[in-house]
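Below: the structure, in structure tokens.
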Amino acid sequence: ERTRLFMGTLDLDEFFAQLLVAEGFRTVEEVAYVDTDELLGIDGVDEGTAGELQARARDHIEAERTATLDRAR
């Protein structure tokens, strides 16, 4: 279920989404706001990849907030 979450919200392939789950990430918020060093500790993740992951996660969170506000109006 978490693998599908990361695949859908962060536009990741299955392998990379499973890697995040295996590293203990459970939510998009954790990816968005974790210290970058934790992402850099994952094999194959460099600073560019870590930044892109966090940007995608933060964009998703912001889009959800906007949609929630729009529905509330």
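The values are calculated or read from the model by the stated rules, or taken from the named source; none is laboratory data. All values derive from a computational prediction rather than experimental measurement. Glycine gets a Cβ as well: all are built from the backbone with ideal geometry, and neighbour counts include every protein chain shown. The area values use the complete protein model at the heavy-atom level, side chains included, leaving out ligands, DNA and RNA. Shrake-Rupley method; radii C 1.70, N 1.55, O 1.52, S 1.80 Å.
So with the 1.4 Å probe, I'd like the accessible area per residue for the chain, rounded to whole Å². Walk me through the intermediate numbers first.
Details: 4890 Å² over 73 residues.
Result: 67 Å² per residue.
Full extension from Val21 to Arg58: what is 0.36 nm times the residue separation minus their Cα-Cα distance, to one decimal in nm? Present the calculation step by step, with values, prior to reporting the outcome.
Values: separation 37, 0.36 × 37 = 13.32 nm, distance 1.79 nm.
Gain on stretching Val21 to Arg58: 11.5 nm.
Could you run the Debye sum over the Cα atoms of the chain, one equal point scatterer each and no solvent, and tell me log10 of I(q)/I(0) at q = 0.15, 0.22 Å⁻¹, two decimals?
Those come out to -0.48, -0.92, one per q.
Apply 1/(1 + (r/R0)^6) to the Cβ-Cβ distance of Ala67 and Glu30, taking R0 = 25 Å, and write down the FRET efficiency to the nearest 0.05. Please report the intermediate quantities before stating the final value.
On the way: r = 21 Å, r/R0 = 0.83.
Calculated transfer efficiency: 0.75.
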